[in-house]
Amino acid sequence: MADPKVRDGTVSNRKITFFVALALFAQESTWNFYDNQVPVLLREHVSSAAIVGLLMGADNLLGIFVQPWIGNRSDNTRTRWGRRMPYIAVGMPLAALVFLLLPWASSLATLVAVMFLYALVANSTRPLAESLVPDFIRPERRSRANAAVKIATSLTIIVASLISLLVVDEHPRGAFAIPAVIMLLATAVLIAKVRDSRSPAYQAAVAEDATAGHAEARVPFRQVLTELVRDPDRRRLLLLLTVVLFGGAWFASRSLVTPYGMQALGLTRGEAGGLTLPSGVAFLLACYPAALAAERFGRLRTMAVGMTVFAVALAIGTVAQTATGTVVVFCVAAAGAAAFSINAVVALWNLAPSSRVLGTYTGLYAVTWYLGGFGGPALIGAVVDLTGWTGMLLDIAVLAALGVLVIVRLERLQRRHAAEPVTT
């Protein structure tokens, strides 16, 4: 039986939110430092920026396959520790140890092999910690928990930058130990404090196993996908399509901003690269209010409003083409994006047909988000090649507007299923 303190107590909800935030903070600390410093290691062996970019993007491609698989595997795991913690307890320390090997790779082949191993193991732990949120926390409070988690992971950008600034020049290899130690310490805390076998979702999954019988207790990934595609209720597919579209718009607005600032605004490379810094603060400040708005007005409506704010702000940015105007526009757009980012995965969790597939749905969200991150910048870049840099923000706004149209359709379907918890 589930621990009543975990199930109903506000303090317990805060504790599990802290532990999940700690786990993802540790994981993202290594990922952000990886993104900062591994390109430098690659440049010691290859001079082509295209090859460096290709190798650095391989972890996202690997995540498309690994994350839904590990999410589904954990969904079907039953131990006295639960279904997520056994993998986290092994995967996070292993990822930390592999991470330590990166600066010691003496050849390109060795470095690529270590990068692949790190990406494989680290991608295997990414969706598991995040899945603890719907495992422990009831649907109507998941947005608040996810807001705290997003804030924690966003702060890792600052941590990685400080390590690079203060340590790397004097201790280029030793600097890699700092994120690794953070990972190991976080793992120790999780092992000591968290048993997801006590979570309400795990208890519900065990109860469903008993009802389904031994032959149907396991839910294969292919079965989850088949049910998703064939189900006449199209809400989950529409939500995933929205994630692809808006993810594409968001990643395009971040990855193409430096050349936009140089070509359309006449800024230097450094000035253009700093255009989005204030918007990162705006995103953090908007996270928790976005969660509260979802509880009051509904998740889908909050997401739709946030996406609309994002699109309108960037469209206005096409007119206000100055450095100051662009910074203001990006701040408003980031606040709108927070309303989507905080609530989208929660909406998908709440649409999952069973507690037995929450990890799989976390992986599906990651896949669609990464697909948007891969396709969005490429699509917008192709449009820019045809029409020029001055209209880039409007191009991104149009892509985001397509996402708004899809979520408006989804909200209409949701009204026909008023008993579902997505807009609770």
Mind checking the per residue accessible area of the chain for me, 1.4 Å probe, whole number of Å²?
44
For the range 121-260, count the residues as N, evaluate 2.2 N^0.38 Å, and divide the Cα radius of gyration by that value, please.
1.41
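Normalised radius of gyration for the range 188-342, please: alpha carbon Rg relative to 2.2 N^0.38 Å, two decimal places.
On the way: Rg = 21.4 Å, N = 155, 2.2 N^0.38 = 15.0 Å.
Normalised Cα radius of gyration, the range 188-342: 1.43.
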Whole-number Å³ per residue for the convex hull built on Cα positions in the range 351-424
95
Computed lengthening from VAL398 to LEU165, 0.36 nm per intervening residue step minus Cα-Cα distance:
80.1 nm
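Classify the range 164-216 as rounded, prolate or oblate, taking a ≥ b ≥ c as the square roots of the eigenvalues of its Cα gyration tensor: rounded when a/c is under 1.5, otherwise prolate if a/b is larger than b/c and oblate if not. Working shown, then result.
Details: a/c = 5.81, a/b = 3.70, b/c = 1.57.
Verdict is prolate for the range 164-216.
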Specify the inter-centroid distance of the range 158-200 and the range 278-333, based on alpha-carbon positions, in whole Å.
31
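Can you give me the relative contact order of the range 317-395 as a percent, contacts being Cα pairs under 8 Å and 6 or more apart? Show your work: numbers first, answer last.
Details: 25 pairs, mean separation 29.1, N = 79.
Relative contact order here is 37 percent.
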So what is log10(I(q)/I(0)) for the range 292-415 at q = 0.10, 0.13, 0.19 1/Å, when the Debye sum runs over its Cα atoms only?
-0.36, -0.60, -1.11
From phi via Karplus (6.51, -1.76, 1.60), per-residue ³J(HN,Hα) for the range 320-333 in Hz, x at Gly/Pro
8, 8, 10, 4, 5, x, 5, 4, 4, 4, 5, 5, 5, 5
Could you tell me the largest-minus-smallest coordinate of the C-alpha atoms of the range 34-166 on each of the three principal axes, in descending order and whole angstroms?
50, 29, 24
Please list, in order along the range 166-176, the HN-Hα scalar couplings obtained from phi with the Karplus expression 6.51 cos²θ - 1.76 cosθ + 1.60 (θ = phi - 60°), rounded to whole Hz, x for Gly and Pro.
9, 10, 4, 4, 8, 9, x, 8, x, 4, 5
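Using the crude model of +1 on Lys and Arg Cβ and -1 on Asp and Glu Cβ, and no other charge, please compute the dipole size for the range 155-311 relative to its Cα centre, in debye to 20.
Values: 15 positive and 11 negative charges, 49 e Å.
Computed charge dipole of the range 155-311: roughly 240 debye.
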Residue-wise, which Karplus ³J(HN,Hα) couplings in Hz belong to the range 115-121, taking 6.51 cos²θ - 1.76 cosθ + 1.60, θ = phi - 60°, and x for glycine or proline?
4, 4, 5, 4, 4, 5, 6
Mind giving me the nanometre distance, one decimal, between the label points for VAL229 and MET56, set 7 Å out from Cα along Cα→Cβ?
3.5
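Using helices alone, I'd like the mean residue ellipticity at 222 nm for the chain: each DSSP H run of four-plus residues gives -39500 (n - 2.57), total over residue count, nearest 500.
Working: 17 runs with 334 residues, N = 424.
Theoretical 222 nm ellipticity from helices: -27000 deg cm²/dmol.
Want the number for PHE65 to ALA210: 0.36 nm per residue separation, take away the alpha-carbon distance, what's left?
Details: separation 145, 0.36 × 145 = 52.20 nm, distance 3.01 nm.
In short, 49.2 nm is gained.
On full extension of the chain, what length is gained from ARG78 through LEU184, given 0.36 nm per residue of separation minus the C-alpha to C-alpha distance? Each step should come with its number before you reach the end.
On the way: separation 106, 0.36 × 106 = 38.16 nm, distance 2.44 nm.
Once the chain is fully extended between ARG78 and LEU184, it gains 35.7 nm.
Would you please name the trypsin sites (Lys or Arg not before Pro) within the range 218-250 that are DSSP coil residues with at most 16 other C-beta atoms within 10 Å of their C-beta?
Values: sites: ARG218, ARG222, ARG230, ARG234, ARG235, ARG236; in loops: ARG218, ARG234.
Loop-located and lightly packed - ARG218, ARG234.
Let's see if you can work this out: charge +1 on each Lys and Arg Cβ, -1 on each Asp and Glu Cβ, no other charges. What is the dipole magnitude of the chain about its Cα centre, in debye to the nearest 20? Walk me through the numbers on the way to the answer.
Details: 36 positive and 25 negative charges, 255 e Å.
Using Cβ point charges on Lys, Arg, Asp and Glu, the chain gives about 1220 debye.
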Given +1 on the Cβ of Lys and Arg, -1 on the Cβ of Asp and Glu, and no further charges, what dipole in debye does the range 36-144 carry about its Cα centre, rounded to the nearest 20?
540
Which of the listed residues, THR276, GLY381, TRP250, is farthest toward the dipole's positive end in the chain, when Lys, Arg count +1 and Asp, Glu count -1 at the beta-carbon?
TRP250
Accessible surface of the chain [probe 1.4 Å, protein heavy atoms]: carbon and sulfur percent
66
If I model the chain as equal point scatterers sitting on the Cα atoms and use the Debye formula, what is log10 I(q)/I(0) at q = 0.09, 0.14 Å⁻¹?
-0.56, -1.38
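The values are calculated or read from the model by the stated rules, or taken from the named source; none is laboratory data. Fair warning: this is a prediction, and the values are worked out from it, not measured in the lab. Cβ atoms come from the backbone with ideal geometry, glycine included; neighbour counts cover every protein chain shown. Just so you know, the surface numbers come from the protein's heavy atoms only, side chains and all, with ligands and any DNA or RNA stripped out. Shrake-Rupley method; radii C 1.70, N 1.55, O 1.52, S 1.80 Å.
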